[in-house]
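Notes follow once the structure below has been shown.
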Amino acid sequence: MIRKTRRQSKYFAPQNDNTKHICDHPGCNKAGEYRAPKDRKLKEYYWFCLEHVQEYNAKWNYYGDEDFVEDEEVLRQKFKFSSHIKYNFGFDFNSSYDFFDKYSYSNPSSSLRLTPDEREALKLMDLSYDDLSVDSLKKAYKTAVKKYHPDLNKADKTLEEKFKIISTSYKSLMKRLS
């Protein structure tokens, strides 16, 4: 049988001791059952009765001692937010080394990674990966639509599936190329 261990309090809570306190408000002789912090450190407390602790808490402000400065530059100087270390998270190979210049491409399609459906659509539209541009894609799409449209080819269902592949691939390729 597993015993449940009683969790011990990590911090000393003065309200749990059995000493009796008198209200710290001047002129009040009631029992001080409730504590209220004296300052922002929250180490020393006043002991008040219910009436006076409610009055004290309504007036007390944790940030009352501090003057707020809205200017961001003053805050940065005060808390030293800036860092002298300059981090370089990327490296531009093309500008740093001359021997990479001959391998740089100006064709925007050179950085495209095509899905299998997009590769199949390019085959159906009679386009090659090297000739891929916005204008050539538009022209090839128009001719493929005329060839594979379901209204023109009602008897063959495989052409309808090819038409779906072509139209979805066209939309995704146009988004990437433009």
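What the table shows:
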| quantity | calculated |
| --- | --- |
| In segment 140-162, the residues that are out of contact with any Lys or Arg (no Cβ under 6 Å at 6 or more places or on another chain) and surrounded by 13 or more Cβ atoms within 10 Å (Cβ to Cβ) | 140, 141, 144, 145, 147, 149, 150, 153, 159, 160, 162 |
| Residue 55 at pLDDT 60 or above and assigned by TED's automatic domain parsing to the domain that holds residue 170 | no |
| Flag if residue 109 is of a type in the set (Gly, Ala, Ser), surrounded by 12 or more Cβ atoms within 10 Å (Cβ to Cβ) and modelled with pLDDT of 80 or more | no |
| Enumeration of residues in segment 114-146 that are within 38 Å of the chain's Cα centre (by Cα), of a type in the set (Gly, Ala, Ser) and closer than 11 Å to residue 166 by Cα | 121 |
| Count - residues of segment 120-137 that are exposed (fewer than 12 other Cβ atoms within 10 Å of the Cβ) and among the charged types (D, E, K, R) | 4 |
| Whichever residue in segment 25-42 is modelled with pLDDT under 90 and out of contact with any strand residue (DSSP E or B) (no Cβ under 8 Å at 6 or more places or on another chain) and, among such residues, is surrounded by the fewest Cβ atoms within 10 Å (Cβ to Cβ) | 41 |
| Whichever residue in segment 124-178 is small (Gly, Ala, Ser) and outside any helix (DSSP H, G or I) and, among such residues, is modelled with the lowest pLDDT | 178 |
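The values are calculated or read from the model by the stated rules, or taken from the named source; none is laboratory data. These numbers were taken from a predicted model, which means no experiment stands behind them. Heads up, the Cβs are rebuilt from the backbone with ideal geometry, glycines too, and the neighbour counts pull from every protein chain shown.
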